[in-house]
Amino acid sequence: MRLSYGFVRGESLSCIYHGWSYTQAGNCLRIPAHPGLTPPETIRVATHLVEEANGVIWVAVGEPEGQPPSFEGLVPLRSLTAHAGIADIEATTGAKSDASGLLKTTQGSQAIWLLLVQQEHDRTLVHVLLDGDTAPADRISASRAAESLRRSAEDLRARGSA
């Protein structure tokens, strides 16, 4: 069972299926089926450095190269997975992402920032960011626009155009 389905209990993360609890360092703290057992150090899970910056959660796999980029004035709206590459998304929007992976596009009269993170050859995480003072109706519109962009990029990938 994936620990992402688990729950936080105090300062530990517990598996929802077996109830095993792990510390922040990744070692097993408790095995409910064996209450008298002190779990050996060899029972561990991989851990990663995590940092929150401007409402975005950053996870470093390995040693981070530096601080997370700052997206001052922008707030996260939502995240989605596109079954398309960054080149497909750039072709769909007609814009290029910068060195941090941030791409600015305009849908109607509204500016939308997409933080693009390549996962595999044909899969990209798309984090949608907006100006901090965006009205609720414009947030809904931006969410719909992001879905439309995702579908268009996936159609482009399926046609093999990018």
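The values are calculated or read from the model by the stated rules, or taken from the named source; none is laboratory data. All values reported here derive from a predicted model rather than from experimental measurement. Please note: Cβ atoms are built from the backbone with ideal geometry, for glycine as well, and neighbour counts cover all protein chains shown.
Across the stretch 1-33, the number of residues qualifying as under 24 Å from the mean Cα position of the chain (by Cα) and outside any loop (DSSP other than H, G, I, E, B) comes to 10. Of all the numbered requirements in (1) more than 28 Å from Ser4 (Cα to Cα); (2) in contact (Cβ under 8 Å) with a residue 24 or more places away in the chain, His121 misses one, and that requirement is (1).
Considering only residues in the stretch 114-137 that are crowded, with 18+ Cβ neighbours inside 10 Å and touching an Asp or Glu at 6+ places or on another chain (Cβ under 9 Å), the one that is farthest from Phe71 (Cα to Cα) turns out to be Thr124.
Against the conditions (1) under 16 Å from the mean Cα position of the chain (by Cα); (2) in a strand (DSSP E or B), Pro69 satisfies every one except (2).
Residues in the stretch 112-140 that are aliphatic (A, V, I, L, M) and over 21 Å from the mean Cα position of the chain (by Cα): Ala135, Ala137. Within the stretch 65-78, being surrounded by 14 or more Cβ atoms within 10 Å (Cβ to Cβ) and touching a residue at least 40 places away in the same chain (Cβ under 8 Å) holds for Phe71, Leu74, Val75, Pro76, Leu77, Arg78. Screening Ala82 against (1) farther than 23 Å from Lys104 by Cβ; (2) surrounded by 14 or more Cβ atoms within 10 Å (Cβ to Cβ) leaves a single unmet condition, (1). Considering the stretch 38-53, the residues that are assigned to a strand (DSSP E or B) and in contact with a strand residue (DSSP E or B) (Cβ under 8 Å, 6 or more places away or on another chain) include one that is farthest from Gly66 (Cα to Cα), namely Arg44. Look at Glu147 and say whether it is within 19 Å of the chain's Cα centre (by Cα), loosely packed, with under 12 Cβ neighbours inside 10 Å and more than 16 Å from Glu90 (Cβ to Cβ). Considered against the rule, which asks whether it is within 19 Å of the chain's Cα centre (by Cα), loosely packed, with under 12 Cβ neighbours inside 10 Å and more than 16 Å from Glu90 (Cβ to Cβ), Glu147 comes out as no. Looking only at the stretch 85-134, count every residue that is part of a loop (DSSP other than H, G, I, E, B) and acidic (Asp, Glu) and tell me the total. Matching residues across the stretch 85-134 total 3. Gly62: at pLDDT below 95, surrounded by 15 or more Cβ atoms within 10 Å (Cβ to Cβ), under 21 Å from the mean Cα position of the chain (by Cα) and not basic (Lys, Arg), yes or no? So Gly62 does not fit the description; no. Once the stretch 89-103 is narrowed to residues that are touching a strand residue (DSSP E or B) at 6+ places or on another chain (Cβ under 9 Å) and surrounded by fewer than 15 Cβ atoms within 10 Å (Cβ to Cβ), the residue that is nearest to Val61 (Cα to Cα) is Ser100. Applying a threshold of 9 Å to beta carbon distances and a minimum spacing of six or more residues, or different chains, the list of pairs starting in the stretch 41-54 at a residue that is under 30 Å from Pro76 (Cβ atoms) and ending at one that is at pLDDT 90 or above and loosely packed, with under 12 Cβ neighbours inside 10 Å reads Thr47/Gln24; Thr47/Ala25.
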